[in-house]
Amino acid sequence: MLKFIYTFSLFVLLSVFIFSCKNDETLAQVNIERTFPNLSFQNPVDIQTPNDGTNRLFVVSQLGKIFVFDNDNDIQSAKTFLDITDRVLFGGEQGLLGLAFHPNYNSNGVFFLNYTTSNPRRTLISKFTVSNNPDSAIKNSEEILLEVEQPYSNHNGGQLAFGPDGFLYISFGDGGSGGDPENRAQNLTTLLGSIARIDVNNEANGKKYSIPNDNPFKGNSDGSLGEIYAYGLRNPWRFSFDSTGKLWAADVGQGEWEEIDIIESGGNYGWRIMEGNHCYNPSSNCNQDGLILPVWEYGHNPEGGYSITGGYVYEGENNNELKINIFMQITFLEIYGHSIYQIRRIPLSLNLTEIFLLLVLMKKRICSSLIIKEAFIKLFLIM
């Protein structure tokens with residue numbers, strides 16, 4: 001048997017067992033277990049590990065703290081790696097939302113954060129450096145790379161991650177309110193409603209980064225921002241790269257449809273013209289020319305699920321070298337202040353070559369502290 005382990009950002013242990021069902025259909029049976037039972041965190045929104053050989057985990061608290069501990073299920077406590085609560089605007093969907101370690105973190109000690117701050121309300125993409133103590137960052141080492149004003153308090157995006165090309169990818173929501181009232185996601189003169197792509201290893205034009213030469217809008221003459229890699233997104237809260245380098249994004253819907261997109265350079269993913277595969281503004285007969293539709297959608301309802309959170313692609317092979325592909329969604333219910341985990345069985349397809357492991361939250365506010373405060377996520381896929 002082969003066992004593959006992935007670590008997620010919502011902190012629960014999942015065990016997935018593959019078995020055959022009637023009519024040649026395959027289903028996933030999911031069990032939840034608690035791991036790291038001695039640890040708990042307030043408003044955890046992300047978990048990362050640097051490629052430094054130390055086998056440590058870093059948990060991001062939305063309030064503005066990062067905690068570090070050894071990846072040992074019997075660990076008794078976590079250390080505070082960084083505390084910038086005095087700089088973070090926290091509340092609702094705002095806060096410290098994302099962490100990415102530089103690919104060369106082992107040698108340069110550099111990492112990047114995505115957080116909201118105030119006066120004015122804006123998103124900051126900042127660079128920090130670790131101290132001589134590997135469990136403590138230098139708070140005053142902050143260098144701000146990007147500042148994006150946020151007109152409303154919601155739809156901040158929040159993910160940032162290095163792609164296989166070595167560039168830093170960053171997700172931005174459409175600026176908030178509801179229905180994208182200023183149509184920012186279709187406006188290439190703002191980063192709102194986009195995924196940006198920058199080179200943090202080189203500086204150019206007075207900025208602490210440069211724009212990769214093959215970014216789709218670099219060097220244009222119409223005012224489009226060269227940092228934009230893809231646009232037309234409502235609130236891409238989480239994204240990830242698969243083993244082939246494809247970029248998968250979970251884009252939170254307005255109220256009817258949640259979607260998964262494969263992000264391509266220069267792609268327009270349709271918001272606010274469309275929500276999922278459906279016209280939104282206008283509500284019918286919308287012009288879909290040039291739009292990239294999602295690879296998967298589900299209804300925002302009790303039957304389909306609620307606000308999409310994100311996931312990872314798992315590509316496994318059985319003894320016959322057949323790709324086994326899993327699509328799974330999980331709904332979290334909050335009853336009387338105690339988290340109850342409701343797991344669905346979702347058909348598996350053996351015809352595709354990719355899997356998107358989808359996490360769906362019952363709550364519209366995906367960063368709510370009511371959702372799973374005291375656990376971690378590890379996914380074991382066993383075949």
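The values are calculated or read from the model by the stated rules, or taken from the named source; none is laboratory data. Nothing here was measured: the structure is a model prediction, and the numbers come from that model. Using ideal geometry, Cβ is built from the backbone for each residue, glycine included, and neighbour counts are taken over all protein chains shown.
Odds and ends about this structure:
Yes/no per residue for (1) of a type in the set (S, T, N, Q); (2) in contact with a Cys (Cβ under 9 Å, 6 or more places away or on another chain); (3) farther than 23 Å from residue 182 by Cβ:
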| position | (1), (2), (3) |
| --- | --- |
| 206 | no, no, yes |
| 209 | no, no, yes |
| 214 | no, no, yes |
| 219 | no, no, yes |
| 224 | yes, no, no |
| 229 | no, no, no |
| 252 | no, no, no |
| 280 | no, yes, no |
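- Of the set (1) under 29 Å from residue 211 (Cα atoms); (2) surrounded by 14 or more Cβ atoms within 10 Å (Cβ to Cβ); (3) of a type outside the set (A, V, I, L, M, F, W, C), all apply to residue 135 but (1).
- Members of the stretch 209-239 that are within 27 Å of residue 154 (Cα to Cα), at pLDDT 95 or above and charged (D, E, K, R): 227, 234
- None of 107, 118, 171 is at negative phi, touching a Phe, Trp or Tyr at 6+ places or on another chain (Cβ under 8 Å) and of a type in the set (Gly, Ala, Ser) except 171.
- Search result, residues across the stretch 256-277 that are of a type in the set (D, E, K, R), farther than 19 Å from residue 154 by Cα and crowded, with 21+ Cβ neighbours inside 10 Å: 261
- Every residue from the stretch 41-64 that is of a type outside the set (Asp, Glu) and farther than 21 Å from residue 309 by Cα: 50, 51, 53, 54, 55, 56
- Every pair of residues 6+ apart whose Cβ atoms lie under 7 Å, when the first sits in the stretch 280-294 and is modelled with pLDDT under 95 while the second is aliphatic (A, V, I, L, M) and surrounded by 15 or more Cβ atoms within 10 Å (Cβ to Cβ): 294/260
- Output for the stretch 188-213, where each listed residue is without any contact (Cβ under 8 Å) to a residue 24 or more places away in the chain and either among the polar types (S, T, N, Q) or closer than 17 Å to residue 271 by Cβ (or both): 202, 205, 210, 213
- Cβ pairs under 7 Å, 6+ apart, first in the stretch 214-234 and free of Cβ contacts under 8 Å to residues at least 24 places away in the same chain, second crowded, with 22+ Cβ neighbours inside 10 Å and not in a loop (DSSP other than H, G, I, E, B): none
- Only one of the numbered conditions (1) in contact with a strand residue (DSSP E or B) (Cβ under 9 Å, 6 or more places away or on another chain); (2) closer than 17 Å to residue 185 by Cα is violated by residue 279, and that is (1).
- Residue within the stretch 178-192 that is small (Gly, Ala, Ser), within 19 Å of residue 116 (Cβ to Cβ), assigned to a strand (DSSP E or B) and in contact with a strand residue (DSSP E or B) (Cβ under 8 Å, 6 or more places away or on another chain) present: no
- Scanning the stretch 229-255 for residues being on the phi > 0 side of the Ramachandran plot and crowded, with 22+ Cβ neighbours inside 10 Å gives a total of 1.
- Take the conditions (1) at pLDDT below 90; (2) of a type in the set (A, V, I, L, M, F, W, C); (3) under 24 Å from residue 197 (Cα atoms); residue 41 misses just one of them, which is (3).
- Among the strands (runs of 3 or more DSSP E) confined to the stretch 200-264, the ones with at least 1 residues that are small (Gly, Ala, Ser) and in contact with a Phe, Trp or Tyr (Cβ under 7 Å, 6 or more places away or on another chain) are located at 228-231, 236-241, 247-251.
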